Structures are given as C-alpha cells and as structure tokens.
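Data first, discussion second: the structure below is written as structure tokens.
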Ligand SMILES: Cc1cc2nc3c(=O)[nH]c(=O)nc-3n(C[C@H](O)[C@H](O)[C@H](O)COP(=O)(O)OP(=O)(O)OC[C@H]3O[C@@H](n4cnc5c(N)ncnc54)[C@H](O)[C@@H]3O)c2cc1C
Ligand code: SF4
C-alpha cells in the first residue's frame, strides 16, 4: 500500500495541470446567438458543438463553480481524513426508509442543518457535501421519489458512475418490436455517427461483443475482468448471454484535451461517491466546457438559475431567459436568438412549465399538454451476491484498480417473449479485492480469527444488481406545486409517479435470473435481494418532453426542437421517448450533438 501511495505521488508530480480559462465578465446588454441553460452532459455538449460552429453562446448554470479537484481528493486515503471521509455533524443524507415512510419534501422540519439525497450517505459524504443540492433549499413535493441533483458547473457528470452504453433499435423501435408505447422518431442509423463522434472526442473503454441489442462503441483499451468474472462470462456464454468489461466513459488511451489525463487505473472512482480528479473519467467541465471556452465563443455565468424562457409577444418565439442570481437573489435577463434548455430531465420540465405567457399559457412548448408527462427511468434493487470458493485464500490482487467491474446486457424479450412483462434489464456488477472488504460487516467472530477469515474471503465475492426499463406512461408526471417554493421563490416540482406491475414483475424475474446465472456458473449464492428501491434511485430520469412526429402527443421533433417554438430546443434526457434499460448519458450527448449540428445549420440559413 505504501509503495502504491509513493508511486502515485510521483505520478502527481509529473502530471501537468492546465487551469481553465478565466470566466469573462458577462455582458447582458448584448444579444447572444444562443443561450444554453445547464452545464451537465447535455448543456456541455450543446456548448461544445455550437461554439465549434462559430456561434456566440451564453451558458447559464444554476450552481457554482467549485475547485473540483480539491473537493474530490481522489487519492486521499481514509486514514488521512479526520472523519474517514464522513461529513461534519449537521449533515444528513435521506435514508431508504425515510424515502418510503415519509413524503417529500424530505428536509421539511429536519433538525439537521443540511439535508442531502441518499447519495450523500455513501461512504465519503464529505466529498460530495458541496456537490449535491441541499434539500432544505431545493424542496419538491408529491409522491415518494429519491431525486438526486448536483448543482455546480458540470452537474451530475462530476460524480456519475461512468457506465457508457449505446441504445439499439430494440429501444428506438420498441413499439414496432413489442407493441408498447411509441417508437422514437429516429433509428440507430441516424444516431450512430454521433455516438462515434462522442466516443472519439471523449474516450470510452470497453470490449467489442457484436451484440445487436447493445451496439459496440469505438473502444479504447478495456479493463480486465477478474478471475471470478471470467468464470461467469464462460458460463453465461453457454446460455447465449454476455459478461463484458464495464463500458466506461473513461479515456484509457488518452484524448486530445489538455484538461484531461488518461486513466492511471487507480480505482479511485470507486472509493468515493464518484469523480476523478485527473479527469480520465468524463466530466462536462474538462471534457466539453473548458475546450469550448478556449474557442473564444463561450461566455459562462454560474450562480444563474433560469426561471423563465422569455417570449417575444409579437412572434411567440423565445427571446431570452430570465434568471435569478443564486447568491444575491437578484433577477436578470439575458437575450439570445435561440434558447437551448439542458437543465436535466426534471429541471427542464420545470422551466418549460414555469415559462407561461399569453402565447404559451400552459408553459412554453406545451400545446400538447405532454410536458412533464411520460416520465420514465430505470428500476433497480434486485441483485445477487455469490462466493467463488476457489478464490477463498487466494493472494490479493489489484481488482479495483480500474474504473468499473462488469456488465451483463439485456437478454429478456429480444427473441423470446416473457409472460409477465415487456422490455428488459441488464446487470451491473463487480468482484474481487477492494479497498474495504464489505463482507467484513457480515463475518462472525472477533480477534485474530475474525481478521484471518475476512482476509481469506476478501477477494472471493462477486455481486451484481439489475437496472430495468420503466415504461413511459402518460400517468407518470411532474407538475408545479401551487404552494411550495425553493429558496429563491421559484415554484417547486410536484411528483405524480409510481412503478407499475410491469416493473414489479420484471424485478421478480431479475432476482430469479441473477440467482440462476450464479448457480449455473458454480458460484455459491450467499444473498439474493428482491427488494425494489425507491422510485428515482437509478438517477436516470427521462422523458418529460418527449420527441415525436405528432405535435399533439409529443413536445419536440427528432432534432429536439420544440414543435411550437422553432428557436427553442430541449437537448437533455427529457426528450427520450422510452427509457431502454441502458444507462442514458452517452445517448443524451450523442443526441445533443446531432441536434446542435442541425441547429447551427438552420441558424446559418436564417431559419430560426
Ligand atoms: C452518482 C451518480 C451515478 C451515475 N451513474 C451513471 C452511469 O453510470 N451512467 C450513466 O449513463 N449515467 C449515470 N448517471 C446519470 C448522469 O449523471 C446523467 O444522466 C447526466 O449527468 C445527465 O446530464 P444532464 O445534462 O441532463 O443533467 P446534469 O448533469 O444534472 O446537469 C444539469 C445542469 O443544469 C443545471 N440546472 C438545473 N436547473 C437549472 C436552471 N433552472 N438554470 C440553470 N441551470 C440549471 C444543474 O445545476 C446542472 O449543472 C449518474 C448520476 C449520478 C449522480
Ligand atoms: S480509475 Fe481511472 S477513471 Fe477512475 S479515478 Fe482512477 S484514473 Fe480516474
């Protein structure tokens, strides 16, 4: 361990760090070509594509810009922190039981000074206390929902889990395949070139598998599977299923970007709730925003919470954005020829609904009444833990020195038809030695014998948990609460959302299938979790302003352009027509790239 720490110190000394360009003074008297609201995966991509096309862009971000490297402290050992990574007293993360027993707003009446979503309760809460939103300032109401938000430059990409997957025509043409819901207005062939661009610009690590339902990316060097994972892979292959190394939105071979380094395989992204202080893992600031600032075409204003898309009373078109400065609480206006909303699925819906005018009485872009509806995501909870007996007592290996474990792609309802549910699920998993052997919590005994047993078993466990598609349903929606407001006086979101029987049946199958697969591989099953986690737990919320060809049943066209207001675009996950079971961020960025290229073309032709 000491050797490793010393090596890392040496690596740190040779690493050249570039500081991002300084923020400019923001001139609010001028009319920008475009305003982008939100600086996460979607907004960062919009800023990158539009500025590289020569457009003058103002990026408004509600959160602050923090010194993320000193916040993440990726290489800090637990014993170097006064509380082993825990936040100081006064901070509280909402727990699973609280989400289910109580109703939102979860921070209301709390004795704690600061309240965070459940992610703040993962080991290392001190590292995310300035990244996650304080629920005291940012309440929401309605049905139970574990809403995880990050308000800072780069949004949730600062701590995302990095699993970067493509969707296929099983997803884009889901209705054609099984009759449920709506097809997307695009097919895989439309988005494939943009997935390729995202892969090449940002870097992705993985292994080709040639699966029609999980298309391969243009991969950089993959992570190696552990011995236990290879065992599972061999067994699943006989069932026509796949175990593939974690497809990580991480550059392992390097990319042309002076703000990022290639992955050192430090495994540090698994030690904290997330984040990589050398930015081998993609994050929007270093991957997209700082390079966009270097073009000279991007102006950034942080601490700027948009609360209304302003409308030209003569044309009904968007003319700018009204925002509140989160620090001085004053309201300002910014003007632009095009407005791009990218505040994340739920915040974008909130902003559209807040933007009421004579021309758009139900909120801008909402003549269909579909804004906030068809809200979908992933369901999770069921999973399995196993013991690989031949690994008991094996000498320690550096199994977590990589940015992820393994992935089992969807195998249900592809060629087969399951009796209880439509669509499918995949598993994320991992095995082997980690910084802390979690099995120690459940190991009986004490003293020398206890330590020996923990050491012997530390590398022998393997586990995986499912992520399933939640069906997009009109009845699952968010709207504005008539009374509750956030700390800046902006109406809060109200949830009307719950899982259906399809998700519940799918979860039963997840637990059974996980157990069967471990048993078939000769792995001793030591735990099967059948419980479904609270709605929202996956942090993959999607679908509140869906794309479509019919303006009566959809909000956006195939270029994420409002059917009602041609100079308004919504380029985040709210545009997704269905959730698929694959993690959404790579698709969010590929779609945003495609739409913003179209936007820039139309802008140059004077069509917006
Ligand atoms: C712990 C964790 C693990 C995850 N793991 C994965 C994974 O493995 N794979 C995957 O694909 N996805 C994962 N995700 C999800 C991923 O982070 C999101 O899909 C992605 O960040 C969405 O991008 P976005 O731009 O829509 O939203 P965000 O990244 O949330 O960015 C939105 C930005 O808009 C800002 N904003 C909000 N409202 C306003 C407003 N009114 N005015 C101005 N700005 C505003 C916010 O402050 C924020 O900076 C994970 C997320 C978390 C938190
Ligand atoms: S393992 Fe790679 S991606 Fe993860 S923190 Fe370390 S360098 Fe970053």
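Here residue 262 meets each of (1) under 24 Å from residue 122 (Cβ atoms); (2) at pLDDT 95 or above; (3) within 12 Å of ligand 2 (Cβ to nearest atom) with one exception, condition (1). Does residue 280 meet the test of being within 16 Å of ligand 2 (Cβ to nearest atom), more than 30 Å from residue 424 (Cβ to Cβ) and crowded, with 22+ Cβ neighbours inside 10 Å? It is true that residue 280 is within 16 Å of ligand 2 (Cβ to nearest atom), more than 30 Å from residue 424 (Cβ to Cβ) and crowded, with 22+ Cβ neighbours inside 10 Å. For segment 1-102, the helices (runs of 4 or more DSSP H) that sit wholly inside it and include 1 or more residues that are modelled with pLDDT under 95 and buried (at least 21 other Cβ atoms within 10 Å of the Cβ) are 68-72.
Residue-wise test of (1) within 24 Å of residue 327 (Cα to Cα); (2) assigned to a strand (DSSP E or B); (3) without any contact (Cβ under 8 Å) to a residue 40 or more places away in the chain.
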position	(1), (2), (3)
108	yes, no, yes
130	yes, no, no
157	yes, no, no
175	no, no, yes
184	no, no, no
191	no, no, no
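The residues of segment 242-252 that are assigned to a loop (DSSP other than H, G, I, E, B) and within 12 Å of ligand 2 (Cβ to nearest atom), listed by number, are 246, 249, 251, 252. Can you tell me which residue is modelled with the highest pLDDT among those in segment 265-281 that are in contact with a strand residue (DSSP E or B) (Cβ under 7 Å, 6 or more places away or on another chain) and within 14 Å of ligand 1 (Cβ to nearest atom)? The residue in question is 281. Can residue 267 be described as under 21 Å from the mean Cα position of the chain (by Cα), crowded, with 24+ Cβ neighbours inside 10 Å and within 16 Å of ligand 2 (Cβ to nearest atom)? Here the answer is no, as residue 267 does not meet what is asked.
Just one residue in the set 168, 217 is within 16 Å of ligand 1 (Cβ to nearest atom), within 30 Å of residue 500 (Cα to Cα) and touching a helix residue (DSSP H, G or I) at 6+ places or on another chain (Cβ under 7 Å); that residue is 168. Residues satisfying the criterion are present in segment 584-602 (criterion: closer than 17 Å to residue 188 by Cβ, in contact with a strand residue (DSSP E or B) (Cβ under 8 Å, 6 or more places away or on another chain) and part of a loop (DSSP other than H, G, I, E, B)).
The values are calculated or read from the model by the stated rules, or taken from the named source; none is laboratory data. Bear in mind that the values here come from a model prediction, so they are computed numbers and not experimental data. Note: ideal-geometry Cβ built from the backbone for every residue, glycine included; neighbour counts use all protein chains shown.
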